[in-house]
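Below is one structure, written out as structure tokens; comments come after it.
The values are calculated or read from the model by the stated rules, or taken from the named source; none is laboratory data. Only a predicted model underlies this, so the values are computations on that prediction, with no experimental measurement involved. Here the Cβ is made from the backbone with ideal geometry for all residues, glycine too, and neighbour counts use every protein chain on show.
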Amino acid sequence: MQDNVYERIHKVLTWKRIMAFNFFLFLVLVVPLSVRLTQIDSENRSSAAENEGTTVVTPPPAYPVENPSIERVTEFYGKKGDTVVLVGKNFGDYRWESRLYVGSVEVTENDIVRWSNNIIEVQIPENAREGKVWVVVNGKQAEWNGNLLLTDVGRVAEMGLNKEGDRRASVWVANAAGAKKGLLEIGYGSEPISVSLMTEGNLVTQTKSVDTVGSKLMIEFTLNTSLTSNNSKLVNIEYPTNGSLEIVRAELEDERGTIINISVEPTNIKIN
């Protein structure tokens, strides 16, 4: 008599065949999965090793032998959170244990954007006050001879350069009522250069110097009468036809010696 379906299945599916089939499934499914998991683990370990290898390591302190110096602070004005750049010498390739003060307060590690031997880029701290900028490198201090002007504190005057002709430019101010004396530092590209006041007063000093960036002319002046709030042409500059000019630093004070904050548009302080 012919076997029914169940008997034929029973004869075909012996225990040996069932075990062999299960082993085949193990090889097909489980082994490739375990191999892939091993590969993923290896990739993760390799990635971690690579990340660990790219960690920036600061070398031990090796401070410059020469004293530090600050030649310029650009911009010489700004609001809290803005970035200013210190240009100078012998800051050290890394900060190490050096300290930096901006607006008369010490900055934190989070405020520093970049630190190199000749340039320090830093954000104006939230608790900064209008005032000095200095750095202490290995116990040696260097102070910028200007004042950082905060444009989000009190009244703010405006200043800029106007090109008046091929060889002449003027420095103008606005909203500077009460200004009686001041300081102006002009960066220039070539000689000869000369300045004169366009309102009645006296040029107290004229000093030329050269720093890492280029040539500068600094003037200090006093006015016979305090400025009004209207636009005023303050200084006349004569310079070569192929020369360039830039306001590097400016300060205005009233009769009591109180500093008047100054703001400038970057496009208004350069003539090429």
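When Lys80, Lys132, Lys89, Lys181 are checked against the criterion of being of a type in the set (Lys, Arg), in contact with a Phe, Trp or Tyr (Cβ under 8 Å, 6 or more places away or on another chain) and either crowded, with 20+ Cβ neighbours inside 10 Å or not assigned by TED's automatic domain parsing to the domain that holds Met218 (or both), Lys132 stands alone in meeting it. How many residues, within the stretch 127-144, are within 14 Å of Gly78 (Cβ to Cβ) and in contact with an Asp or Glu (Cβ under 6 Å, 6 or more places away or on another chain)? Here the count works out to 0.
On the stretch given as the stretch 254-271, residues that are free of Cβ contacts under 8 Å to residues at least 40 places away in the same chain and closer than 17 Å to Ser190 by Cβ total 0. Given the criteria within 31 Å of the chain's Cα centre (by Cα) and in contact (Cβ under 8 Å) with a residue 24 or more places away in the chain, does Glu251 qualify? It is true that Glu251 is within 31 Å of the chain's Cα centre (by Cα) and in contact (Cβ under 8 Å) with a residue 24 or more places away in the chain. Could you please let me know if Trp115 is of a type outside the set (D, E, K, R) and farther than 30 Å from Thr225 by Cα? So Trp115 fits the description; yes. Note on the stretch 198-245: residues that are at pLDDT below 95, within 24 Å of Ser69 (Cα to Cα) and charged (D, E, K, R) amount to 1.
Scanning the stretch 122-162 for residues that are in contact with a Leu (Cβ under 9 Å, 6 or more places away or on another chain) and either farther than 16 Å from Val105 by Cα or not in a strand (DSSP E or B) (or both) yields Ile124, Ala128, Arg129, Glu130, Lys132, Trp144, Gly146, Val156, Ala157, Met159, Leu161. Determine whether the stretch 210-217 contains at least one residue that is of a type in the set (A, V, I, L, M, F, W, C), free of Cβ contacts under 8 Å to residues at least 24 places away in the same chain and not in a loop (DSSP other than H, G, I, E, B). Yes. Selection of the stretch 243-272 for residues being touching a Ser or Thr at 6+ places or on another chain (Cβ under 7 Å), more than 21 Å from Glu200 (Cα to Cα) and exposed (fewer than 15 other Cβ atoms within 10 Å of the Cβ) yields only Asn272. Here Gly160 clears all of (1) surrounded by 14 or more Cβ atoms within 10 Å (Cβ to Cβ); (2) free of Cβ contacts under 8 Å to residues at least 60 places away in the same chain; (3) over 19 Å from the mean Cα position of the chain (by Cα) except the condition numbered (2). Of the residues making up the stretch 96-121, just one is without any contact (Cβ under 8 Å) to a residue 24 or more places away in the chain, in a loop (DSSP other than H, G, I, E, B) and surrounded by fewer than 18 Cβ atoms within 10 Å (Cβ to Cβ), namely Thr108. The condition (being over 24 Å from Val213 (Cα atoms), crowded, with 17+ Cβ neighbours inside 10 Å and not polar (S, T, N, Q)) is satisfied by just one residue among Val173, Val153: Val173.
Among the residues of the stretch 66-95, write down those that are in a loop (DSSP other than H, G, I, E, B) and under 20 Å from Ile260 (Cα atoms).
Glu75, Phe76, Lys79, Lys80, Asp82
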